[in-house]
1. Any idea which residue in the range 43-73 is nearest to the chain's Cα centre (by Cα), counting only those that are of a type outside the set (Val, Ile, Thr) and in a strand (DSSP E or B)?
2. All but one of (1) in contact with a Gly (Cβ under 7 Å, 6 or more places away or on another chain); (2) open to solvent by 10 Å² or more (accessible area, probe 1.4 Å) hold for residue 115, so report the exception by its number.
3. Can you find even one residue in the range 84-103 that is under 20 Å from residue 53 (Cβ atoms), part of a loop (DSSP other than H, G, I, E, B) and touching a Ser or Thr at 6+ places or on another chain (Cβ under 7 Å)?
Amino acid sequence: MLFKQPECFELLPAILNTIQSGASDLNCSGCQLNNDVLREIAIALKKNQTLLTLNLCENDFDDEGIIFLAGAIQRNNTLRELRLANLPKVTKEGVNKMAEVFASKPKLKYLDICGVIYQKPQIDEADLMMHGFGRMAF
């Protein structure tokens, strides 16, 4: 679902409804969202069990918002792809915090933050089983 309007607080109910409704993808690129809205999104992400892809590119977040989001993503177990490109107020501090979270979350496979792209190999259990590396019990 794509949200693209200038009034970020007017979008908040629709964004939160999308997160809570079981959607797998949310695209809020270019919606002029700020740290206050990002904080509400982050709170919803802590409980979310379905969102796989989140695009928050081209918004008005700074390090404070990104660090809060990083804490929420640390608790989320479903997110696979996070796009945070073109956030001019985010500095090295925000990028580094999100990179730490990315490294600690095995299921999070792709992160683009401020032009720095982190990507993990796409190997899953089915691939391992196919090649004879299934789970072993002792």
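1. Let us first name the residues in the range 43-73 that are of a type outside the set (Val, Ile, Thr), namely 44-49, 51-52, 54-65, 68-72.
Now restrict to residues that are in a strand (DSSP E or B): 54-55, 62.
Details: 54: 5, 55: 7, 62: 15 Å.
Among them, the one singled out is 54.
2. Looking at each condition in turn, residue 115 falls short on (1).
3. The answer is no, given that none of the residues of the range 84-103 is under 20 Å from residue 53 (Cβ atoms), part of a loop (DSSP other than H, G, I, E, B) and touching a Ser or Thr at 6+ places or on another chain (Cβ under 7 Å).
Residue by residue, here is whether (1) farther than 28 Å from residue 121 by Cα; (2) open to solvent by 20 Å² or more (accessible area, probe 1.4 Å); (3) among the basic types (Lys, Arg) holds:
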{"position": "11", "(1), (2), (3)": "yes, no, no"}
{"position": "32", "(1), (2), (3)": "yes, yes, no"}
{"position": "37", "(1), (2), (3)": "yes, no, no"}
{"position": "40", "(1), (2), (3)": "yes, yes, no"}
{"position": "48", "(1), (2), (3)": "no, no, no"}
{"position": "51", "(1), (2), (3)": "no, no, no"}
{"position": "81", "(1), (2), (3)": "no, yes, no"}
{"position": "105", "(1), (2), (3)": "no, yes, yes"}
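The values are calculated or read from the model by the stated rules, or taken from the named source; none is laboratory data. What you see is a predicted model, and the numbers here were worked out from it, not measured in a lab. Heads up, the Cβs are rebuilt from the backbone with ideal geometry, glycines too, and the neighbour counts pull from every protein chain shown. Accessible surface areas use protein heavy atoms only, side chains included; no ligands, DNA or RNA. Shrake-Rupley method; radii C 1.70, N 1.55, O 1.52, S 1.80 Å.
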